[in-house]
Amino acid sequence: MQIQENISLRNFNTFGIDARAKYFASFESLEELEEIVDSDLFKHEKNSLILGGGSNMLFTKNYDGIVLKNALKGISCISEDENSYIVSAAAGEVWHKFVLHCIAHQYAGIENLSLIPGNVGASPIQNIGAYGVEIKDVFYSLEAYHKKDKKVVELKKEACAFGYRDSIFKHQFKEDYIILKVNYRLQKQPVFHTQYGNIEAELQRMGVTELSIQNISQAVIQIRQSKLPDPAVIGNAGSFFKNPIITPVQWEALKQQFPHLISFPFQDAVKLSAAWLIESCGWKGYREGDAGCHEKQALVLVNYGRAHGREIFALSQKIIDSVYQKFHVELEREVNIY
Ligand code: EPU
């Protein structure tokens with residue numbers, strides 16, 4: 001275990017922001033993590049931040065503390081019954097690599113979540129979701145290290161309080177736990193989710209006559225690649241904002257004023273397409289220096305090269321303000337700001 005000083009985080013966040021960490025260490029095992037947590041340096045530093053794939057964060061300044069890179073690896077099927085498998089993945093595994101592993105082994109349930117950037121450890125934190133499936137649908141349990149108690153605990157689904165892009169790890173448990181491992185319940189008999197967006201059209205275009213988790217994954221990959229920027233080419237963190245949720249009464253009024261409003265029923269409320277709201281305010285394809293709003297998906301803010309995190313943040317604030325002015329709807333950032 002080695003704690004390094006004054007390290008650039010540019011290669012550790014998908015926005016490609018060149019912020020620096022005062023200290024940086026990576027852990028490949030629980031023992032290495034414990035060594036770091038027991039070090040004098042860790043005890044004296046007020047701030048610590050766990051880094052997975054760095055795909056849901058925006059650094060607006062240097063990090064004044066210790067950044068810990070979760071490099072825990074390993075995927076295995078730990079049990080099975082008649083209908084399902086419990087598949088365990090270490091938090092430092094790349095999410096898409098895990099999806100491909102499951103597809104190759106015919107573990108069904110996360111094929112719609114193909115190509116989501118980031119690592120396994122982040123999947124329960126923001127309850128990642130796409131194309132009609134969310135992690136909470138397949139989540140079984142997780143193991144996490146409690147920093148203060150220095151103990152490993154197991155948390156079941158009920159303890160995680162999953163919501164839309166939300167969980168207890170974004171609130172009460174934010175500072176306390178380091179996720180080590182996530183266990184998912186995946187099915188032997190797939191249940192296909194093809195109703196969302198363009199999946200059916202894409203499957204047709206591919207000439208698919210018999211559904212499989214392989215071809216659903218392939219369709220999702222193709223749809224994502226056609227409209228979402230590849231972080232390896234253009235820095236971004238996926239959706240920058242959440243889709244706002246409003247009451248049916250608010251929705252009625254808005255729909256009268258803006259008949260083209262795009263929205264979806266969501267529990268007892270209505271979810272608005274944030275991308276549509278942003279596009280309607282004229283931001284899609286907008287660029288200011290190296291900070292921009294993506295030309296194919298208005299929900300995604302991008303770094304065309306050397307944008308500072310503060311510039312991307314400032315652009316996000318202008319977008320929030322203009323959407324509020326036009327629609328009286330408050331956009332909320334999905335990305336974590338540091
Ligand atoms: N739309 C626009 N303008 C745009 C983009 C989209 O009007 O620039 C419209 C589309 O025509 C469509 C609606 O908005 O009717 C929804 O678009 P899309 O299916 O692309 O999904 P989204 O609501 O914009 C959410 C997730 C994405 C996820 C997709 C697909 C959030 C915050 N985002 O986006 O997740 O991939 O659905 O399921 O919920 C992420 O979290 O990083 C992410 C990319």
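What follows draws every value from the coordinates through simple rules; no lab data is involved. In this text the structure is predicted, and so the values were computed from the model without any measurement. Note: ideal-geometry Cβ built from the backbone for every residue, glycine included; neighbour counts use all protein chains shown.
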In debye to the nearest 20, the charge dipole size for the chain, taken about the Cα centre with +1 at each Lys and Arg Cβ and -1 at each Asp and Glu Cβ, equals 740
Picking from 249, 94, 233, which is most flexible by a Gaussian network model of the chain using Cα springs under 10 Å?
249
Would you look at the GNM of the chain, springs on alpha carbons closer than 10 Å, and say which of 316, 39, 141 moves the most?
39
Restricting to Cα pairs under 8 Å and 6 or more apart, the percent relative contact order of the stretch 92-175 works out to 24
Choice from 240, 98, 258 showing the highest fluctuation, given a GNM over the chain with Cα pairs closer than 10 Å
258
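Using Cα-Cα distances under 8 Å and only pairs 6 or more residues apart, what relative contact order does the chain have, in percent?
Details: 698 pairs, mean separation 54.9, N = 338.
About 16 percent, as a whole number.
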Cβ density ranking, 10 Å radius, fewest first, applied to 209, 14, 194, 247 yields 209, 247, 194, 14
Helix-only mean residue ellipticity at 222 nm for the chain, each DSSP H run of n ≥ 4 adding -39500 (n - 2.57), per residue, nearest 500
-7500 deg cm²/dmol
Taking 140, 107 and counting other C-beta atoms within 10 Å, the order from fewest to most:
140, 107
Cα gyration tensor of the stretch 4-70 - equivalent ellipsoid semi-axes, whole Å, descending:
20, 14, 9
When Lys and Arg each count +1 and Asp and Glu each count -1, what net charge do the other residues less than 9 Å away from residue 18, Cβ to Cβ, add up to?
+3
Neighbour-limited loop hits for GluC sites (Glu not before Pro), the stretch 105-180 (at most 16 other Cβ within 10 Å; DSSP other than H, G, I, E, B):
175
Net charge near residue 3 (other residues with Cβ under 13 Å of its Cβ; Lys, Arg +1; Asp, Glu -1) is -3
The stretch 165-175 - phi-based ³J(HN,Hα) in whole Hz, Karplus 6.51/-1.76/1.60, Gly and Pro as x:
6, 8, 7, 5, 6, 9, 10, 3, 9, 3, 8
Apply the Karplus parameterisation 6.51 cos²θ - 1.76 cosθ + 1.60, with θ equal to phi minus 60°, to every residue of the stretch 83-90 and state each ³J(HN,Hα) to the nearest whole Hz, in sequence, with x for glycine and proline.
9, 9, 10, 9, 10, 10, 10, 5
Tell me which DSSP H helices of the chain clear both cut-offs, 20 Å or more of axial length from alpha-carbon atoms and a mean Kyte-Doolittle hydropathy of at least -1.0.
213-227, 309-327
Which three extents, in whole angstrom, do the alpha-carbon atoms of the chain cover along their principal axes, largest first?
60, 52, 37
Residue by residue, what Karplus-based ³J(HN,Hα) values in Hz, rounded to whole numbers, does the stretch 179-191 have, using 6.51, -1.76 and 1.60 with θ = phi - 60° and x for Gly and Pro?
6, 9, 7, 10, 10, 10, 9, 10, 9, 7, 9, x, 10
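With 23 Å as the cut-off, how large is the P(r) tail for the stretch 235-337, expressed as percent of Cα-Cα pairs? Spell out each step's value before the answer.
Details: 1290 of 5253 pairs.
Taking all Cα-Cα pairs of the stretch 235-337, the fraction more than 23 Å apart is 25 percent.
Rounded to the nearest angstrom and ordered from largest down, what semi-axes does the equivalent ellipsoid of the stretch 79-198 get from its C-alpha gyration tensor (root of 5λ)? Walk me through the numbers on the way to the answer.
Working: eigenvalues 115, 51, 32 Å².
Each semi-axis is the square root of five times an eigenvalue, giving 24, 16, 13 Å.
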Could you work out the local net charge near residue 98, counting Lys and Arg as +1, Asp and Glu as -1, over the other residues with Cβ closer than 14 Å to its Cβ?
+1
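Please express the shape of the stretch 154-307 as an equivalent ellipsoid: the semi-axes are the square roots of 5 times the eigenvalues of the C-alpha gyration tensor, given largest first in whole angstrom.
Details: eigenvalues 144, 115, 97 Å².
Rounded to whole Å, the semi-axes are 27, 24, 22.
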